[in-house]
Amino acid sequence: MIKRIFLLLFFVLVISQFLRPDKNQGSYDSIATFEAAAEAPVEVKTILQSNCYDCHSNTTRYPWFMEVSPITHWMSYQIDEGKEHFNVSEWDSYTDKQKDHKLEEFIEMIEKKEMPLKPYTWIHGELSGQDAETLVNWAKVVRSGIGKTEEAPQTKEGDSLPIKESDSTAIEEVTAEE
C-alpha cells in the first residue's frame, strides 16, 4: 500500500514537471517608469531590485531550482499574490488614491517586518534594518508628493507675476484688439 502511494506521488511529480505555470517575464521598462515617477535614488533602486521586484513587478529573476515542480507552482502563486497587492509595473494605472494606499501598505509591511516574506529571505537574505529604514523614508517622501505635482506657471520675460497659458491667450487677444 505505501509502495503504491509513493509510486503515485512520483508519477504526479513527473507529470507536473511538464505542466508549468507561465513565467513572469515582462519588460524592465515598466519598472524604470515606476522608478522615474517615484524618483527612486540609486540606493533605493538597488534595494527594491534585490528584495521586491521579483514578486511585485512583471519581471522576475528565476533561480535554477524554480524549474523543479512543485516549487515552480508555489512560487508562481506567491508572485501572483504579490502582484495583486502591489505591482510596480502597473504604477501608471493606479489613481493617486491607490498609489497613496499602496505606499501606505508598503511602509506598514516593511515596518512590521512582514516583507519580504520569510521563504524569499531564506534564499535572498533578510532586509537589513538600514535598508528597511531607507525604503520607509523614501516611501514617505513619495507619499507626501502624490497628487501635489502641478505644472509650473509660465512667465513672460519682464512679467513680475506668473501667468498660466490660458491667461496669456486672453491677454494677447485684448492687446490685439487695441
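The values are calculated or read from the model by the stated rules, or taken from the named source; none is laboratory data. What you are looking at is a predicted structure, and each value in this text was computed from that prediction instead of being measured. Cβ coordinates were reconstructed from backbone atoms using ideal geometry, including for glycine residues, and neighbour counts include every protein chain displayed. Keep in mind that these areas ignore ligands, DNA and RNA; they rest on the heavy atoms of the full protein, side chains included. Shrake-Rupley method; radii C 1.70, N 1.55, O 1.52, S 1.80 Å.
Here Ser16 meets the list (1) within 15 Å of the chain's Cα centre (by Cα); (2) open to solvent by less than 30 Å² (accessible area, probe 1.4 Å) almost entirely, failing just condition (1). For Lys148, the criteria (1) outside any helix (DSSP H, G or I); (2) open to solvent by 80 Å² or more (accessible area, probe 1.4 Å); (3) closer than 21 Å to Cys55 by Cβ hold in every case but one, which is (3). Checking each residue of the stretch 54-69 against the condition of being among the small types (Gly, Ala, Ser), touching a Lys or Arg at 6+ places or on another chain (Cβ under 9 Å) and modelled with pLDDT under 90 gives at least one match.
Of the helices (runs of 4 or more DSSP H) lying entirely inside the stretch 31-128, those carrying at least 2 residues that are touching a residue at least 12 places away in the same chain (Cβ under 8 Å) and surrounded by fewer than 15 Cβ atoms within 10 Å (Cβ to Cβ) are 71-85, 96-111, 118-124.
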